[in-house]
Amino acid sequence: MDDKGSVGKISVSSDSVSTLNSEDFVLVSRLGDDTPSSTHNGSDDEKTGLKVNSEEGVSFKIVGNGSEQQLQRELEDVLMDPSVVDTGRGTDTGTEGLSGPFPMSPVPPGADPLSTSPPKIALPVQTAQESELNERSYRGDESSSEGSPISPIPDEDSIVFSQLTYLGCASVNAPRSEVEALRMMSILRGQCQLPLDVTLSVPGVSEGIVRLLDPNNSTEIANYPIYKILFCVRGHDGTPESDCFAFTESHYNAEIFRIHVFRCQIQEAVSRILYSFATAFRRSAKKAVLSQQAAPLTPDSDLFTFTVSLEIKEDDGKGTFSAVVKDKDKQSFKLRAGMDKKIVIYVQQTSNKELAIERCFGLLLSPGKNVKNSDMHLLDLESMGKSSDGKSYIITGSWNPNTPHFQPVNEETPKDKFMYMTTAVDLVITEVEEPVRFLLETRVRVCSPNDRLFWPFSKRSYTETFYLKLRQMERKERKSPSADTLYEVVSLESETERERRKTTASPGILLSGPGNMVPSPPEDDEEEDNDEPLLSGSGDVSKECAEKILETWGDLLSKWHMNLSVRPRQLPALVRNGIPEALRGEVWQLLAGCHNNDHLVEEYRTLITKESPQDSAITRDINRTFPAHDYFKDTGGDGQDSLYKICKAYSVYDEEIGYCQGQSFLAAVLLLHMPEEQAFSVLVKIMFDYGLRDLFKQNFEDLHCKFFQLEKLMQEYIPDLYSHFLNVGLEAHMYASQWFLTLFTAKFPLYMVFHIIDLLLCEGISVIFNVALALLKTSKDDLIQADFEGALKFFRVPVPKRYRSEENAKKLMELACSMKISQKKLKKFEKEYHTMREQQEQQEAPIERYERENRRLQEANMRLEQENDDLAHELVSSKIALRKDLDNAEEKADALNKELLLTKQKLVESEDEKRRLEEESAQLKEMCRRELDKSESEIKKNGSIIGEYKQICSQLSERLEKQQTANRGELEKIRSKVEGCEKCSSLFNKEGRVRATVNTAPPEGSEESDEEKEALKNQLREMELELAQTKLQLVEAECKIQDLEHHLGLALNEVQAAKKTWFNRTLSSIKTVTGTQGKETS
């Protein structure tokens, strides 16, 4: 990351810089402090039950069960995962359990830390040994450092700033609040009487340490690891604090935060110092080492590393697709034949300048290994794009296994055999000239579609690392010379190919060259045994179950549902063997009595809308709950969101107890089996009906009683281990606190945790004693050989890891179920504990009792003062927020006033427009009325014309008929006369036509008959002409009638359209008025 890029990622205002880590702080194992301030009051330690045992370093043990504050601090370290574990000298429990309320600033020897009133201004001076121990604890260095502790600190990758003055430090309640930081900066600048000249060394990476050095001899005065620094801020320009800057850090434990204030003699250096802090927050030394070691491979820094993960999802028969499991031994996907599947590819760039993935244009699949490109077959793409956090590019494609191409991976394989499958994804990268193909070869085993589903809680995916080497092309070589950066692919090699090539080149030799600097991510089940504790939420739980067991449970549930008030007799025996994972959600609700929990569900929906006073503690713990589980590991994801709602709702529901550390683990276990409403109901039942909340009441009195009972049971069942613990001074509360408060959910694998919850819901909270004794009994040989610190470390690391194996967990639970612990015996031990407590109180001197009560009241007073400061801060914040809201409201009011003026102006213009439109409408009405009258007169005229034409046509038709009748009559007369005359009949045939030849001579009267014929023909032609003229007139009349009918239709349409316009009422009113006037005149 270059500096310019870093500048761009700093906040818009350069006045403050905050860490990007989602967690507010990180807990680290600490060693004892042998400065006078920590050991000056030995008598007080003895009175509160604290003793000091010193061998190599300073370690402590608690003689009594401890006070509430000590137990709270112990639980905080036991329940939460530390980032770094110190394996050489001490343990979390051993050290955190001893440290009382740490003063807000260093306290001089002999002073009561509780009497100092915050904020106390002091210099953060640490002894050289404390500084060395803190640094060694942070880096995990177990070796003892040689040389003088006051020797100058060796140079590291850091920037040194001189001419600085240290003004002091004070405690703060809101370590990320700029307002409070500026307020404390102003106070310290005004009250500082003895400023100290210092030199500040700021590292360049997030793994470094900020150091305060003596400017004269470079001796280290104090150091602060970057991971503990939460916030940096500078004074505002134009104020007396413009030459000052400060940073806040988590001091010793996570509940105390301090602010350190500095003044620069050169005011311009303040911005540079804040920029250095911002760079340290964002850079990682590991990445720097990787890039430095990878440099010999790529002198031009053109090697780009990608991690590509393959996930196969299969239809689970419920309309959704779930990720399939990978075989732990053979590292192969377990598929079912004939089931629809989806292929999901995750591509993430892990090194070098970020390349922009434009799109995916092909997702291909083929059975076999080392396949040709021609043998790959395209899958249908469903989606592509960046993930919600923007880090990965996700491609999803659908796979129909019944296609003939994929027949080899759709046939069942023998149990001891597997086959290979090759998946390829082609990506278009904006800066690369040609597409890039990532090829993944994985093992698969195909089972019968009738096999039981075997879905894990943790998604199993195959991950491969690819090394893409690019060469930047010259401008003349590019297809598009306008592009700024364009690369061509030199080589693409996977981690597997690289390892294979190295093994082939030098078999049997473990290479440690630069190629091994970027290993592929390890699988979950290949985790190495080391000193790191097991992450909560680890382990997979299968839903696979034998058919007979499912049938037995099915019959039992059927009977149970018929009478939910009575548990079946065979239920305890079945629960001891473990509830089938697929049925746990239903059975847990029935065991807890939540089958009718509608009122709790409704109350939950109301509770999540309320504010919780412990919101900050809940938010802090959510990120640390089940970090090894996919459902809870994403910040802001669905799992964390549901978990936050449940914890918040319970803190509001149970005002007496509220939220306690450890509840989030139990809530997470319930969330993995049921919706959040039902999970909340079961959590309430466990806390109230099963007595878990009693452990947190009355200064943890009931929890101390449980510790006493456990030790008594150890004395009876495991006497030799009990004696060993007495000899080394190891008491039950030092290792069993989280067992009782979290019900083993915080550290142990999920398979074992779920089985414990099965027994707890069935038999009660006394099951914890069975499991605890079983754990102690199986670990007895190792614990007897360990000393105090070794035993604590053994409880923290090896014990949970031992039960990652499902077989070991089953044996442990069988042993726990076989141990018979009667309730009568537990009641007896409880009475003995209360009797012992009464005797202790009676034997305790009044002065000691009053002193203890006084210390308790002082602690309560400090807590109330802190709450008061928090409320004051909230009040100030709320006032500032209200002021901002008021300013926003005033700005909004001004904007609304402007809008009102504009609206009024538009209203005036609209009224003028309205008047103009009204005048136009009146004119249009008048014009329409005239047109209407004209149209009506035209219609009447046309109607009369049509009537006249119809009359004429009828007359003409009658006349024509009469004429035709007369003509026919005349023709009949002529024909009769012709037939009656002998001469004429010889000349004409029956049809009236002239015969062709006449043999006889024409008679004497032929001339007369010819004249008569001519007259008749002329008369006939006249009649035919008159008939043609009549027909012509008739046709013309019909044409005119059609024309008039057409005009009439148009007029009627216009009238109809006019009726539908906006002045319809006006026309109707005009017609009404004219009609009324006509009636009056008539």
*Could you say which residue among L188, L196 is out of contact with any Ser or Thr (no Cβ under 8 Å at 6 or more places or on another chain), open to solvent by less than 70 Å² (accessible area, probe 1.4 Å), modelled with pLDDT of 85 or more and hydrophobic (A, V, I, L, M, F, W, C)?*
L188
*Which ranges mark the helices (runs of 4 or more DSSP H) fully within region 665-759 that have 3 or more residues being touching a residue at least 24 places away in the same chain (Cβ under 8 Å) and aliphatic (A, V, I, L, M)?*
676-688, 701-717
_Among the residues of region 880-892, are any of a type in the set (G, A, S), over 30 Å from C705 (Cα atoms) and either open to solvent by 100 Å² or more (accessible area, probe 1.4 Å) or assigned to a helix (DSSP H, G or I) (or both)?_
yes
*Can you work out which of the residues in region 236-278 that are over 18 Å from P175 (Cβ atoms) and of a type in the set (G, A, S) is most open to solvent (accessible area, probe 1.4 Å)?*
G238
*asked:* Checking P719 against (1) crowded, with 18+ Cβ neighbours inside 10 Å; (2) modelled with pLDDT of 90 or more: exactly one of these is not met. Which one?
replied: (1)
*If only one of F262, F245 is under 37 Å from the mean Cα position of the chain (by Cα) and either modelled with pLDDT under 85 or assigned to a strand (DSSP E or B) (or both), which one is it?*
F245
_Please list, ordered by residue number, the strands (runs of 3 or more DSSP E) wholly in region 283-380 having 2 or more residues that are modelled with pLDDT of 85 or more, of a type outside the set (D, E) and within 28 Å of L468 (Cα to Cα)._
303-315, 341-349, 357-367
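This table checks each residue for (1) within 30 Å of D340 (Cα to Cα); (2) assigned to a helix (DSSP H, G or I); (3) modelled with pLDDT under 85.
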{"position": "Q407", "(1), (2), (3)": "yes, yes, yes"}
{"position": "K415", "(1), (2), (3)": "yes, no, yes"}
{"position": "M421", "(1), (2), (3)": "yes, no, no"}
{"position": "N450", "(1), (2), (3)": "yes, no, yes"}
{"position": "K469", "(1), (2), (3)": "no, no, no"}
{"position": "S482", "(1), (2), (3)": "no, no, yes"}
{"position": "E499", "(1), (2), (3)": "no, yes, yes"}
*Only one of Y631, Y644 is assigned to a helix (DSSP H, G or I), touching a residue at least 60 places away in the same chain (Cβ under 8 Å) and open to solvent by 50 Å² or more (accessible area, probe 1.4 Å); which?*
Y631
_Being in contact (Cβ under 8 Å) with a residue 12 or more places away in the chain, in a loop (DSSP other than H, G, I, E, B) and closer than 28 Å to R863 by Cα is the requirement here; does S612 meet it?_
yes
*Would a scan of region 937-945 turn up a residue that is over 23 Å from Q1033 (Cα atoms), among the hydroxyl-bearing types (S, T, Y), surrounded by 10 or more Cβ atoms within 10 Å (Cβ to Cβ) and in contact (Cβ under 8 Å) with a residue 12 or more places away in the chain?*
no
_Among the listed residues E412, E434, E441, identify the single one that is in contact with a strand residue (DSSP E or B) (Cβ under 8 Å, 6 or more places away or on another chain), open to solvent by 70 Å² or more (accessible area, probe 1.4 Å) and over 27 Å from V541 (Cβ atoms)._
E434
*Given (1) out of contact with any Leu (no Cβ under 9 Å at 6 or more places or on another chain); (2) over 30 Å from F632 (Cβ atoms); (3) at pLDDT 80 or above; (4) not charged (D, E, K, R), number of the condition H561 does not satisfy*: (1)
*Looking at region 706-713, is at least one residue more than 35 Å from the chain's Cα centre (by Cα) and under 28 Å from C594 (Cα atoms)?*
yes
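The values are calculated or read from the model by the stated rules, or taken from the named source; none is laboratory data. Bear in mind that the values here come from a model prediction, so they are computed numbers and not experimental data. Here the Cβ is made from the backbone with ideal geometry for all residues, glycine too, and neighbour counts use every protein chain on show. Areas reflect the complete protein model, heavy atoms only, side chains present, ligands, DNA and RNA absent. Shrake-Rupley method; radii C 1.70, N 1.55, O 1.52, S 1.80 Å.
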